[in-house]
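Structure record follows, encoded as structure tokens.
Derivation of every value follows stated rules applied to the coordinates shown; laboratory data play no part. The shown structure was predicted, so the numbers you read here are calculated from the model rather than taken from an experiment. All Cβ positions, glycine included, derive from the backbone under ideal geometry; neighbour counts span all protein chains shown.
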Amino acid sequence: MAVRAGNDTVPRVPGSAVFGSARDLQRDQLATYERAMQAHGAIARLRVGPPRLGFEFDAVFEPDGARTILSGGSRGYIKDAPVYHEFTRLFGEGLFTFNGDDWQRRRRILQPLFTRQRVQDYVPLMSSWSDDLVRLLGNSRDDTALPAAAMHYTLNVLGSTLFGEDMSSAGPVLQRAVPLINAEAAKRGLAPVRLPPWVPTPSHRRTARAQRELRSVVDDIVHSRDGDGGRDDLLERLISARDPETGQGLTPLAIRNEALIFLGAGLDPPPNALGFTLYLLGGHHQVQQRVRDEVAAVIGDAPVTADDLPHLRFTSMVVDEALRLYPLGHTLLRKATADNDVCGHRIPGGQIMAVSVWGLHRNPRVWSDPGEFRPERFDPAVSPDRDPYAYLPFGGGPRTCIGMHLAHAQLVVAVASVVRSLTIRAPDRRPPARAGLTLMTGEPFRCSFEPVA
Ligand code: HEM
């Protein structure tokens, strides 16, 4: 039935009388969204916590709604929801959570550091770290090596590109602290009632300790730079960046916060993205062989270079398809600043809107056989005119992931390098996923890696 805009008629997910959908969301956020999509279609309203004490939000599952919410940047919809308050409290203010002019100024300073062109400079680093990745996976004696090896690769790529640092001493703190802080932000972001963070619960104490450790590691890295100049990496560029209009640089606190945010945002999704991609390849041997054939034809045994990347078209489609099935940024949250129409429904100003990328990417009204792992669907010859808001692994509109080109290149380099040397074996089934701040595996990735015969 067509719904006339103008009425606040968003269908409600019933949930429990007291907690609404809070428990379902905490237990299994992804399945809760899928059920809401199946029952209600394009949009559904969920309540978290008791009426009037908790909060409500609208989950959106179709491209038109995603476009309305995301395409205007900070105009009409802003990043303002409990999870962002938590993120700001834990990491400080910065690009990820700023709105309006603050966001625009910061993005203007940082954007030139992340263009496709700039990222090409980092491909040799990625390529050399991918040798380590192949060695770690190839030397593993059992099928549990993938998560640690993928984290090692991500840490080193991020460390060498962002900070120009060998991350071996900071690595253990980062690997412990970043996931812990992210998990706390995700948990509190969906909690119907939140204790103040100064209440000394075990989880608050753990998080505070992780925060202190993380700040101290980042402070050491930033301080080790004071005045040495001469390097050419992202941290150096952050320190010397000037707003083209005002000529102003960033304050020391802003640099520390931004570095923390880049560690939080840049360290969390790529290892799991690589894990999901390699696991899927492990269960799809024909696809894996096609990647191997492409890599052999394009680069042979030589290291992957920036010039090779545009020619690794099928490998890139494999990464795209893995990110469709497993979008690390599974939910994009915004708050409407004024009354608006979304998917034919009137939305009141102040309403929290959640673009469920997980739902959108698995929506049978948008994708044929959405549960299938089929990289060919990303061949422009097969689907030339896809709605850009149907596929949002890096978000959409002006606030798309600033690290998108870096992340995509690092995934393609890693997949090409691993598949060229190793045969991956994993069960032929979709790995289970669960929602943290970003998407995580529901169980440890178990794949074996053997030298290519
Ligand atoms: C596979 C890897 C990655 C995925 C899937 C991913 C996904 C995303 C998504 C979906 C958003 C948009 C969030 C929103 O609109 O609410 C985002 C934003 C962001 N990402 Fe990534 N990301 C990845 C890697 C990275 C890396 C490597 C970095 C750092 C170098 C990074 C830094 C950021 C930052 C700073 C933002 C906020 C941008 C802004 O609001 O202007 N991400 N990311």
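Multiplying the residue separation of R212 and M404 by 0.36 nm and removing their Cα-Cα distance gives an extension gain of 66.3 nm. For region 425-436, putting each phi into the Karplus relation 6.51 cos²θ - 1.76 cosθ + 1.60 with θ = phi - 60° gives couplings of 10, 8, x, 7, 7, 6, x, x, 10, 9, 8, x Hz, in residue order, rounded to whole numbers and with x for Gly and Pro. Computed from backbone phi, the HN-Hα couplings of region 320-336 come to 4, 5, 5, 6, 6, 5, 10, x, 4, x, 6, 9, 10, 9, 9, 10, 6 Hz, rounded to whole numbers (Karplus: 6.51 cos²θ - 1.76 cosθ + 1.60, θ = phi - 60°; Gly and Pro given as x). Across region 391-408, computed HN-Hα scalar couplings (Karplus, 6.51 cos²θ - 1.76 cosθ + 1.60, θ = phi - 60°) run 9, 10, x, 10, x, x, x, x, 9, 4, 3, 6, x, 4, 5, 4, 5, 5 Hz from first to last residue, x flagging Gly and Pro. If you wrap the Cα atoms of region 22-451 in a convex hull and average its projected area over all directions, you get 20.9 nm².
May I ask for the longest run of the chain untouched by GluC sites (Glu not before Pro) that are loop-located per DSSP and have at most 14 neighbouring C-beta atoms (other than their own) within 10 Å? Please list the in-between numbers first.
Numbers: sites that count: E245, E372.
Free of exposed loop sites, the longest segment is 1-244.
Label point of R434 set 7 angstrom out along Cα-Cβ; within region 191-205, amide nitrogens under 16 Å from it belong to 191. The simple Förster model, with R0 at 45 Å and r as the Cβ-Cβ distance, assigns R313 and R108 a FRET efficiency of 0.90. Based on the Kirkwood radius over alpha-carbon pairs, what value in µm²/s does the Stokes-Einstein equation return for the translational diffusion coefficient of region 1-153 at 4 °C and 1.567 mPa s? Using the Kirkwood radius from Cα pairs, D works out to 65 µm²/s. Under the simplified labelling scheme, the R12-R237 pair shows an inter-label distance of 4.9 nm, with each label point 7 Å from Cα along Cα→Cβ. Take the Cβ atoms of V199 and A453, set R0 to 45 Å, and the FRET efficiency comes out at 0.15.
Under 5 Å from the amide H of Y77 lie the amide H atoms of T337, each residue being 5 or more positions distant or on a separate chain, with H modelled from the backbone and absent for Pro and chain starts.
Prolate is the label for region 154-207, because a/c, from the alpha-carbon gyration tensor with a ≥ b ≥ c as root eigenvalues, is 1.5 or above and a/b exceeds b/c. The distance separating the Cα centre of region 155-190 from that of region 400-418 comes to 18 Å.
Between D387 and D101, the distance separating the two model label sites (each 7 Å from Cα on the Cα→Cβ line) works out to 3.6 nm.
Counting alpha carbon pairs within less than 8 Å and at least 6 residues apart, what relative contact order, in whole percent, applies to the chain?
Details: 737 pairs, mean separation 122.3, N = 453.
The normalised contact order for the chain reaches 27 percent.
For region 90-236, the calculated P(r) over all alpha carbon pairs, in 10 Å bins from 0 to the bin holding the longest distance, is 9, 28, 36, 22, 6, 0 percent.
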